[in-house]
1. From the set of residues in region D:201-229 that are in contact (Cβ under 8 Å) with a residue 60 or more places away in the chain and over 22 Å from B:Leu223 (Cα atoms), which is farthest from the other protein chains (Cβ to nearest Cβ)?
2. Take the conditions outside the structural domain of A:Asp237 (by TED's automatic domain parsing), surrounded by 20 or more Cβ atoms within 10 Å (Cβ to Cβ) and assigned to a strand (DSSP E or B) and apply them to A:Ile78. Does it pass?
3. Which of the following residues is away from chain B (no Cβ under 14 Å), buried (at least 24 other Cβ atoms within 10 Å of the Cβ) and not aliphatic (A, V, I, L, M): D:Phe13, D:Phe108, D:Phe68?
4. So which residues in region C:174-190 are surrounded by 21 or more Cβ atoms within 10 Å (Cβ to Cβ) and within 13 Å of chain D (Cβ to nearest Cβ), if there are any at all?
5. Just a yes or no: is a residue in region D:119-130 assigned to a helix (DSSP H, G or I) and closer than 19 Å to D:Gly213 by Cα?
6. Somewhere in region D:250-257, is a residue at pLDDT 95 or above and away from ligand 4 (no atom under 16 Å from the Cβ)?
7. Counting only residues that are surrounded by 24 or more Cβ atoms within 10 Å (Cβ to Cβ) and among the charged types (D, E, K, R), how many does region B:81-109 have?
8. For region B:202-240: of the residues being in contact with a His (Cβ under 9 Å, 6 or more places away or on another chain) and either within 16 Å of ligand 5 (Cβ to nearest atom) or among the charged types (D, E, K, R) (or both), which is nearest to D:Arg52 (Cα to Cα)?
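The values are calculated or read from the model by the stated rules, or taken from the named source; none is laboratory data. Small disclaimer: the values here were computed from a predicted structure and weren't measured. Neighbour counts run over all protein chains shown; Cβ positions are idealised from the backbone, glycine included.
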Amino acid sequence: MNASPWDSGLREVCTVVAREQETPSTVTLRFEYSKEAHPGQFVMVWLPGDDELPMSLSYTGREKGVTVKAMGDTSRRILSAGPGTKIGIRGPYGNRFDLSPQHILVVGGGSGTAVLAPAAEEAHGQGAEVTFALGATTAREMLFADRLRPVAKAVHLATDDGSAGHHGYVTAVADRLISEGGFDAVWTCGPEVMMRKVLAAGERASVPVFGSVERQMKCSLGLCDACALGPYHVCIDGPVFPGHVLRGLEEFGRSKRDPSGRLVPV
Amino acid sequence: MNASPWDSGLREVCTVVAREQETPSTVTLRFEYSKEAHPGQFVMVWLPGDDELPMSLSYTGREKGVTVKAMGDTSRRILSAGPGTKIGIRGPYGNRFDLSPQHILVVGGGSGTAVLAPAAEEAHGQGAEVTFALGATTAREMLFADRLRPVAKAVHLATDDGSAGHHGYVTAVADRLISEGGFDAVWTCGPEVMMRKVLAAGERASVPVFGSVERQMKCSLGLCDACALGPYHVCIDGPVFPGHVLRGLEEFGRSKRDPSGRLVPV
Amino acid sequence: MTELKAEVGTLSFRNPLLLASGIWGESGRSLLGAYEAGAGGVVSKSIGAEPRAGYPNPTVEQYGQWGFLNAMGLPNPGIAAYPEEIRIARQGGAPVVGSIFAPTAEGFAELATAMEPTGVCAIELNLSCPHAKGLGSEIGQDPALVAEVTKAVRKATKLPVWVKLTPNVADIALLAEAAERAGADAITAINTVRGLAIDPILRRPVLANGLGGLSGPAIKPIGLACVWQIFERVKIPIVGVGGIRSGRDVLEYILAGARAVQLGTAVATDTVRVFSRISAELEKELSSLGTTSLSELVGAAHAGRDQA
Amino acid sequence: MTELKAEVGTLSFRNPLLLASGIWGESGRSLLGAYEAGAGGVVSKSIGAEPRAGYPNPTVEQYGQWGFLNAMGLPNPGIAAYPEEIRIARQGGAPVVGSIFAPTAEGFAELATAMEPTGVCAIELNLSCPHAKGLGSEIGQDPALVAEVTKAVRKATKLPVWVKLTPNVADIALLAEAAERAGADAITAINTVRGLAIDPILRRPVLANGLGGLSGPAIKPIGLACVWQIFERVKIPIVGVGGIRSGRDVLEYILAGARAVQLGTAVATDTVRVFSRISAELEKELSSLGTTSLSELVGAAHAGRDQA
Ligand SMILES: Cc1cc2nc3c(=O)[nH]c(=O)nc-3n(C[C@H](O)[C@H](O)[C@H](O)COP(=O)(O)OP(=O)(O)OC[C@H]3O[C@@H](n4cnc5c(N)ncnc54)[C@H](O)[C@@H]3O)c2cc1C
Ligand SMILES: Cc1cc2nc3c(=O)[nH]c(=O)nc-3n(C[C@H](O)[C@H](O)[C@H](O)COP(=O)(O)OP(=O)(O)OC[C@H]3O[C@@H](n4cnc5c(N)ncnc54)[C@H](O)[C@@H]3O)c2cc1C
Ligand SMILES: Cc1cc2nc3c(=O)[nH]c(=O)nc-3n(C[C@H](O)[C@H](O)[C@H](O)COP(=O)(O)O)c2cc1C
Ligand SMILES: Cc1cc2nc3c(=O)[nH]c(=O)nc-3n(C[C@H](O)[C@H](O)[C@H](O)COP(=O)(O)O)c2cc1C
Ligand code: FES
Ligand code: FES
C-alpha cells in the first residue's frame, strides 16, 4: 500500500511539444510536466472534450512522454494530437519498479514495452545489466528496440509472423532466457496471457518477476473502485505487482471489470 | 500592515491553571496555550456559553496569562473563572511592541499596565533600562507594581486619591519624566485621554511614543470591520500604534464604534 | 475499556466508522478490504436495475487540499450481478448496507426486494438520482417524492431502511421529517454538495458531466449543520457523512447528533488505514473526555448549547 | 494593453474585483481603504432600518485553512447613520454598492429609497434575512418572495438593483429567474453556505448563534456551480462571489458566467493587498491566454463545453 495520491495529483494543462510515430499503430507524445515521476508510474491523459485515459510514462525525465497504441476511439484521438495540442495531465500515480536488481530481464509485449523502457534505462544508468526480450505481431510493430539497444546487454526479438527475430511468441524467448539463469529480476508488461507465462517461468527458476498491470481507471486515486483487482486497487497498489501476488489472483489473466464494475473476460 | 492571522488563529480549549487576584477589581488567569506570542499581542478569550472578549497577554511565555478588569458582565464572569475552568483561546493576534529601544519609559493607566508588563520584562531581559510611571484610582488598584520592580530602573506611582505616590494623574509624572529626557521610547496603555496627554508630551520632547489601543472586536481577523479606527483595523494593524499615527486620527480619544458600527464618544 | 460499538436502531456495528457508498463499493473484495482495515461496516455502491457504465472520464477532479469533485454517473454492475459481490463481503464477515437508486418509487421497491435476500443488514436509499417525471431535479429535493419512495421501500422489505439525503436543498430537516413519517429507520446525511471545476486555460468544465459533487474536508461544516438540523426535528437515528478525516471530526458529528458516520473521500486522501487510525484517535479522545461510551455523546452539543 | 475594466449592465468598474458585503463594510474609511488598495468597487455592509449590534461573540470561527464560519447577526449602524459612511467612501472616489436587508418587501423598498440619494451606484439586496411571516426560512429561498422584494425595490429606485442569492436552495437558477422577471439588473451569487462548527471538548457549537455561514476556499466550487447554473437560465449580468483568492479563481468565475466578482474572506486571509495582487495575476493570465479583454471571456466555458 502506498502513500496517498492527494499530494501529487493536481491536474495541469500541458502542451504537446513533440510527436513521434514509433510504429504504424503507436505514437509517443512528449510534453513538459513539472512533477517528479518514476519508472512504472502512470498519468491520466485528458484530451479536452474527450475521455481521459491512464497512460504509463514512457519518459520520466523533465520532458515526459506517453506512448499510445491505437485501440479504441479515445486512444486514436489522443495519439493523433500534434505539437501544440493542449492536454490535461494529472499524476504521476501508482508505484514504481524497484531499480535495485543488477541483472534484469525485461519482457515486453506490444505497447507494454512503453512502461519498461524508462525503468530499464534508469536501472542501466545505475549500473545494472539489462537483457531484453521484446515481442510484437510483426517487425514494424516492434516498439523501442532501437531506443533500448544502447542500454542493453542483449536484445532478443520475437514476432508472431516471424518478420523479425524468433518466429512466435516472446514468451518462448523469455522461457529460454530465464531457464538459462543469471537474472535477479524479471520485469514484464504486455497481454495478461503473456505475463502469466512469464510468471510461471520465473517461478520455476525462482527468479522474482514484477508485472505491470492494466485495469479500467476512473479516479486513479483509490476512491472509486473501478480498478479493483482482487483485494488491490491497481491505481494505488499497482500498477507494478510482484509475480507471487499476481499468481495468487484469480482474476489475473482471466477477468477484469468493465466500466460498470461487472467482471468480464480479459 | 501585518501578515494574515490565517496561520495562527485556530482556537484551542485551554484549562485555567492558576488565578491570581491582582487588585480588588483585577484578576490574572494563567493557562497553557501552545502558540508563540509576543508582548503587545492579544488573544480572544471565550467563556463557553458566554461572550468572547479580546484580552492582551499579560504573560507571553509558555504558561500564558491575561489580566482581566471587572467592567461589564462578561469580564466579570471571565475573571471569576477558577483553576480547572475550560476557556476557548484563539490568537495571538495583532502586532507587538518593538523591543529594540534601550531607555524606555512605560506609562500605564489602570489595567492598561497588563499589556505593558511582559513587554517591559522582555526589553529588560534584552538589556534595556526601563522606567515605570504607573497610575491607578487608589493604592489597592495599582497593578503589577511589585511584579515590575525587579526589572525597573525606577517605579513612579500616581493615584487619583493620593493613597500611593503622586496625588493626581499619572500623566503629570510622565510629563515630568519625559521632559527631563533620556528616553528613546515611551510605551503607554490606558484610558485614551491619558494616552493623548502622553503623546503630546512625547511630541514636545521628540521622543517616539507607542500606544496600545482598544476597540470593539468581533472577528479579530481583519474581516468584519468592528474594530475600524480611521483607515486602520486595530485587530491587524494594531493594537500598538506609533504616536504620530494616533495623533493623526480624529477618532482617537474622542470616538469609537459600538457593536452596531455607529460612532459613539469614548 | 472504551466502547466504540455503535448502534443505529436495531443494528449494531463494532465501531461507528462505516465505508460510504460509492467508495470501494463496486467489488465485494474491496468492501471486505475496508472492513478488514477496520471499518465498522460498509455501504455498497449505489446499485440500479441495470448495469451502467457511468459518465466518461474525467469523472473526478481533485480540488487542492479541500476535496474532490466527482460526477461518476452512478456506474454500477446492476442488481443481477451484484449479489455475488455482497456474498464475498458477507463471507468475510463485513456487515453490508445495500445502497440502491432508481428513477421511480416502484424501481426502488423492486431493488429493495432484490437486495433483501443477499444478506445486507439494511437498505440505504440514494435519493440523488434525477427523478423520472421531474425536470432533472433530484428525488431527494422533493418531500413528497422522498415520502413516496420511502413508503414503497418500507412496504417491500423488512430490513431497516436508511434514507440518504442531499444537502442541496433549502431545509434538509424537512426532507428528513418526510422520510421519518414515511417509515424510514435512519437518515444518512449528507451526499455530495453541488460544485463545479473549470479549467481556465481550456475554458471548460473539467468533469465530462460539467457539474459535479463536492466531497472531503471542504464540506464537513455543511454536513455537521445538516446533521444538527435533522437531529432537532426527527427522532430516528442519523448517520453522518461528509469530510470526516479524524477522530475529532467523528466526535463532532456525534455531538451534532449522529449515531454512526461514513467515510468516503478520506479513504483516498488518507488511505484505507484511516479506519484503524480514527478508531485509535476516537478511543483517545473519549478517554481524555472522561467518557467510555460513544452513545452518551450522541447529540450532546444540543444540550451543551442550552447550558450557560 | 490588457483591459481589466468590468461592465455590469450600465455600470463600469475599473477592474472586476469588488469588495463583498460584510467585509470592511461598516465604516466609510474602511470601504475607501479597500478601494485605495485596488478594489474596482465596494459593497457596503448590509444596512437595515435600525442599528443592530448583531449576535454576541463568538461570531467567527476559522475552519482550518478551508475558510471561516460566521454568524455576525447582521450588525449595522442603521440607515440613519450610514449615509455619512457612504459619503466618506464616495468622497475618496470609491464606487459604492449599497447593500440592504429587511424582513419585508416594504422594508426593502424604504431602505432603497433612503439609499438612493447617498450616491451609491447600485443597490444590492441581501435576501438571506429570515422573512417576517416565514418560519425562520430566508426570503431568498422562496421565488415568490424574491420576486415580491425585487419588484418593490425596482419601483422604489432608479438605481440598478442587484439581487444577492443564497446557495442554500435546491435550484438557485429558479431564484435568479424570479429576480430577473421582477426587474433585477444583476444577480450576485453566492452568499455563505450554511455550516456548523462544534467544539468536541466543550461539547457545543462554537458560534453563539449555533449555525453559521461558510465562506472562503471551501465554497469556491459551490459558487462556481451556482454562477454556471444561473448563466444558463438568465440574461442579466452575474456578479460571482465565493472563495476567490487568485487571478485564476477570478478567471474561473468569469468563464462560468460572471461579469465581475466580489472578494470577502480573502481580504482577511490574504490581507487587503489581495486586490492589487489579483489584478496583476489577472493581467498575466489574460496575456498568457492571448486575450486582452475580460469581457469576451464571460461565460466562455459554456461554449467551450459544447466544442469537441
Ligand atoms: C496503468 C495503465 C497504464 C496504461 N498505459 C498505457 C500505455 O502506456 N500505452 C497505451 O497505449 N495504453 C495504456 N493503457 C491502456 C489505455 O489506458 C487504454 O485502455 C487504451 O488506450 C484503450 O483505450 P480506448 O478508449 O482507446 O479503447 P476502447 O476501445 O474504448 O477500449 C478498449 C479497452 O480499453 C480499456 N479502457 C478503456 N477506457 C479505460 C480506462 N479509463 N482505464 C483503463 N482501461 C480502459 C477497456 O478495457 C476497453 O475494453 C494503460 C492502462 C492502464 C490502466
Ligand atoms: C486589543 C484589546 C486588548 C484588551 N486587553 C484587555 C486586558 O488585557 N484586560 C482587560 O481587562 N480588558 C482588556 N480589553 C478590554 C476587554 O476586551 C473588554 O472590552 C472589557 O473587558 C469590557 O468587557 P465587558 O463585556 O465586561 O464590559 P461591558 O460592560 O459589556 O462593556 C464595556 C465596554 O467594553 C467594550 N467591549 C465590550 N465587548 C467588547 C469586545 N468584544 N471587543 C472590544 N471591546 C468590547 C465596549 O466598549 C463596552 O462599552 C482589551 C480590549 C482590546 C480591544
Ligand atoms: C467518487 C464518489 C462516488 C460516490 N458515489 C456514491 C454513490 O454511488 N451513492 C451514494 O449514495 N453516494 C455516493 N457518493 C457520496 C459519498 O457516499 C458521501 O456521501 C460523500 O462523498 C461525502 O462524504 P466524504 O466527504 O467523506 O467523501 C460518492 C462520493 C464519491 C467521492
Ligand atoms: C464576516 C462576514 C460577514 C458578512 N456579512 C454579509 C452581509 O452583511 N451581507 C451580505 O450580503 N453578505 C455578507 N457576507 C457574505 C459575503 O459577502 C460573501 O458572499 C461570502 O463571504 C462568500 O465570499 P468569500 O468566500 O469571498 O468570503 C459576509 C461574510 C462574512 C465572512
Ligand atoms: S481508479 Fe482505482 S480506485 Fe478509482
Ligand atoms: S475585529 Fe477587526 S476587523 Fe473584525
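1. Ranking the candidates gives D:Cys226 first.
2. Answer is no for this residue.
3. Within the list D:Phe13, D:Phe108, D:Phe68, the selection yields D:Phe108.
4. Hits for region C:174-190 are C:Leu175, C:Ala189, C:Ile190.
5. no
6. Within region D:250-257, one or more residues are at pLDDT 95 or above and away from ligand 4 (no atom under 16 Å from the Cβ).
7. The qualifying residues number 1.
8. Applying the filter and picking the extreme gives B:Asp225.
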